[in-house]
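The values are calculated or read from the model by the stated rules, or taken from the named source; none is laboratory data. Quick caveat, the model's predicted, so the values are computed rather than measured. Here the Cβ is made from the backbone with ideal geometry for all residues, glycine too, and neighbour counts use every protein chain on show. Protein only, heavy atoms only, side chains kept; ligands, DNA and RNA dropped before computing areas. Shrake-Rupley method; radii C 1.70, N 1.55, O 1.52, S 1.80 Å.
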Amino acid sequence: MIRVEGEDAASFLQGQLTQDFALLTPQQARLAAYLTAKGRMQASFIGFKRSGTEILLVCSRDLLAATLKRLSMFVLRAKARLTDATADFALLGIAGDAVASVAGGTQPAWAKADLGAACIVHLYPADGQPRALWVAPAGTPAPDGAALDPALWLWGEVRSGIATLSAPVVDAFVPQMLNYESVGGVNFKKGCYPGQEVVARSQFRGTLKRRAYVGHASAPVAVGAEIFHTSDPEQPCGTVVQAATSPTGGVDAIVSLQIAAAGDALRVGTPDGVPLTLGPLPYALLEDL
């Protein structure tokens, strides 16, 4: 968890991330990415306001230190202070019927509600099961309900089709290669931010050649592993972005693939490696709406 605090917190993030934080309300969260000047993702976040001058950014733990350091370099004269707030908050995942019982009902993805000291951020569902984040000051009693195996939560993250960037795949994708423009991760009407020109060109000039897909492998696959199509064993056609053990056996994964290679005859790791079978995306792509 990164805390951005100060009267310029929203305007500072507005100039750094792919989503619109200037118009962020207390009832909303944002999926966003932090890019290089070449449009490549350095980190991804779920961001929301705790107050008018405090915004929290949830990101992969292995990227927090480097991302915090780099973002802090660009604060300059802005009245905003960035800190690692991981120890200051309890962060829990809620899934299934618990979402309605804890939050008082289900809401669309990226809706946010405040329940006492806690914030509830509604996420994309996984196989039809509602999911949400529960964020509260450290020491706040957890909501009532049965504990969920962390492995099942991680599997639900994959099944939702919304990738969280982690260290093995930093600098590998523009946001559209992970379908971020289709799931609320990119705003094309906001002002400038690093990498904006590349993102806009990919969107409006038809230059995008990769997309994210959800697939299944019969054996473990590593994040960052290359994917090959048997018709071209010399050149990889994709990358494993996120993976989790399936409760029914094998591993499910979010993968970023060349659109032309998305089909059968895919292998992970080597041209004769673990077979990968693609399934349907759990959401519609923006270009198909």
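For n ≥ 4 DSSP H runs only, could you compute -39500 (n - 2.57) per run for the chain, divide by its residues and tell me the 222 nm figure to the nearest 500?
-4500 deg cm²/dmol
Go from 0 up to the bin containing the longest alpha carbon distance in region 1-145, width 5 Å each, and give me the % of pairs per bin.
In whole percents, the pair-distance histogram is 2, 10, 20, 22, 21, 14, 8, 3, 1, 0.
Which net charge results for the neighbourhood of Arg50, defined as the other residues with beta-carbon distances under 13 angstrom from its beta-carbon, given Lys and Arg at +1 and Asp and Glu at -1?
Combined, the nearby Lys, Arg, Asp and Glu give -1.
May I ask for the Rg/Rh ratio of region 117-236, computed from Cα atoms with Rh as the Kirkwood radius, given to two decimals?
For region 117-236, the value is 1.02.
Quick one: the Cα spread of the chain along its three principal axes, in angstroms, biggest first?
Taking the Cα atoms of the chain, the three principal extents are 55, 45, 35 Å.
Ignoring ligands, DNA and RNA, what accessible area per residue does the chain give at 1.4 Å, in Å²?
46 Å²
The chain: longest stretch without exposed trypsin sites (Lys or Arg not before Pro) (DSSP loop, at most 16 other Cβ within 10 Å), sites themselves excluded?
80-188
Taking GluC sites (Glu not before Pro) as exposed when DSSP calls them loop (any state but H, G, I, E, B) and at most 16 other Cβ atoms lie within 10 Å, what is the longest stretch of the chain free of them, the sites themselves excluded?
Longest stretch, sites excluded: 8-233.
How long is region 59-128 along each principal axis, judged by its Cα atoms, biggest number first, in Å?
Computed over the Cα atoms, the extents are 44, 26, 22 Å.
Note down the accessible area of Ile46, probe 1.4 Å, to the nearest 10 Å².
30 Å²
I'd like to know which of Val274, Val170, Ala217 lies farthest towards the positive end of the charge dipole of the chain, counting +1 on Cβ of Lys and Arg and -1 on Cβ of Asp and Glu.
Positive-end residue among those listed: Val170.
Over region 200-280, what percent of the accessible surface lies on carbon and sulfur atoms, probe 1.4 Å?
Whole-percent figure for carbon plus sulfur exposure: 52.
Would you mind checking Lys79/Lys189; Lys38/Lys189; Lys38/Lys190; Lys38/Lys69; Lys79/Lys112; Lys69/Lys112 for any pair whose Cα atoms are more than 22 angstrom apart?
Lys79/Lys189; Lys79/Lys112; Lys69/Lys112
Give, rounded to the nearest 20 debye, the magnitude of the charge dipole that region 1-157 has about its Cα centre when Lys and Arg contribute +1 at Cβ and Asp and Glu contribute -1 at Cβ.
About 700 debye.
Would you please report the Å³ per residue occupied by the convex hull of the alpha carbon atoms in region 1-87?
85 Å³
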